[in-house]
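Here's the structure we're looking at; comments come further down.
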Amino acid sequence: MPKSTSNSQLPPPLGRDAALFLDFDGTLVGLAPTPEAIEIPPALVSLLGDLSDQLGGALAVVSGRQIDSIDRFLAPLRLPAAGEHGVQRRNSKGHMQEQRAPDLVPILEIANELARVHEGLLVERKHAAIALHYRLAPQLEAVCQDAMSRAIADNPSLELMHGKFVFEVKPAGVNKGIAIDAFMGEAPFTGRTPVFLGDDTTDESGFAVVQPRGGIAIKVGSGPSLALHRLESPRAVYEWLVQARDLLATPKTEAASQESPRNQE
């Protein structure tokens, strides 16, 4: 259960030894009424490309989206990525691992029937998950939760996850923290300090992995969280990443003096 972090601090500068993990929706890009309606900030793709180069390739997107959706929005980049909260994972060499999809037909039928009856609901069929979005009909939160909970009541291999205006049925025992842990066990991430930015309850498992490793967890936006650091919005994330790129581009001696201004007093 996330705890309140009213005293959370702004994150420190990104270190040269960092392994950077980034959520997508609500972190790199603002949330939108539908998953396809997001707007990619100008120069975001080139910024991520620069940071990936500066970190020796130790930058990955860890998202609830499918990896092909991430690739489409960040083209021509093909970064290491975890999709569907870790159901899919592509390593730095481009090798894809993907869990076998469970039987989701009964879940899909229930979600589609709910969307047919109630205007404003959107059903998203993923490889191994069904997401029911209610951003356009927030008054239906309880209705959606009840229907999706009952849909998986007799199937312990599935679990219901609640994100921002979405209920998602996915394979049990899969989360972003497990995906990040897997990345940290392989090059070029291994031996580095993990840094994870995310905005939603679905990112808490990632925060729970990086902080015990001595890493940095950064909550984007408001709300309770395990993360000890916070940025207020995707715009603030973008600005922090720009500062990180610029700092990493400076010579090490100059960067050290910029990172420790108190040492100059």
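The values are calculated or read from the model by the stated rules, or taken from the named source; none is laboratory data. These numbers come from a predicted model, not from an experiment. Because the Cβ atoms are built from the backbone with ideal geometry, glycine has one as well, and the counts that use them run over all protein chains shown. Side chains included, ligands, DNA and RNA excluded: accessible areas come from the protein's heavy atoms. Shrake-Rupley method; radii C 1.70, N 1.55, O 1.52, S 1.80 Å.
Here S4 fulfils each of the conditions (1) in contact with a Pro (Cβ under 8 Å, 6 or more places away or on another chain); (2) modelled with pLDDT under 95; (3) open to solvent by less than 30 Å² (accessible area, probe 1.4 Å) apart from (3).
Among the residues in the stretch 133-143, are any open to solvent by less than 50 Å² (accessible area, probe 1.4 Å), touching a residue at least 12 places away in the same chain (Cβ under 8 Å) and under 14 Å from G64 (Cβ atoms)? Taking every residue of the stretch 133-143 in turn, at least one turns out to be open to solvent by less than 50 Å² (accessible area, probe 1.4 Å), touching a residue at least 12 places away in the same chain (Cβ under 8 Å) and under 14 Å from G64 (Cβ atoms). How many residues are open to solvent by 30 Å² or more (accessible area, probe 1.4 Å) and either under 19 Å from the mean Cα position of the chain (by Cα) or of a type outside the set (S, T, Y) (or both) if we restrict to the stretch 147-165? The total comes to 11. Could you check the stretch 166-187 and list, in sequence order, the residues that are open to solvent by 30 Å² or more (accessible area, probe 1.4 Å) and touching a residue at least 60 places away in the same chain (Cβ under 8 Å)? Correct list: N175, I178, A182, E186, A187. Within the option set S149, S157, being at pLDDT 95 or above and of a type in the set (S, T, N, Q) holds for one residue only, S149. Selection of the stretch 40-76 for residues being of a type in the set (A, V, I, L, M, F, W, C) and part of a loop (DSSP other than H, G, I, E, B) yields I40, A43, L55, A58, A75. Does A153 satisfy being hydrophobic (A, V, I, L, M, F, W, C), assigned to a loop (DSSP other than H, G, I, E, B) and free of Cβ contacts under 8 Å to residues at least 60 places away in the same chain? The answer is yes for A153.
Applying the condition of being buried (at least 17 other Cβ atoms within 10 Å of the Cβ) and among the polar types (S, T, N, Q) to the stretch 42-68 and asking which residue is nearest to the chain's Cα centre (by Cα) yields S63.
As a summary of the residue check, I107 satisfies the conditions (1) closer than 21 Å to L28 by Cβ; (2) among the β-branched types (V, I, T); (3) touching a strand residue (DSSP E or B) at 6+ places or on another chain (Cβ under 6 Å) except for the one numbered (1).
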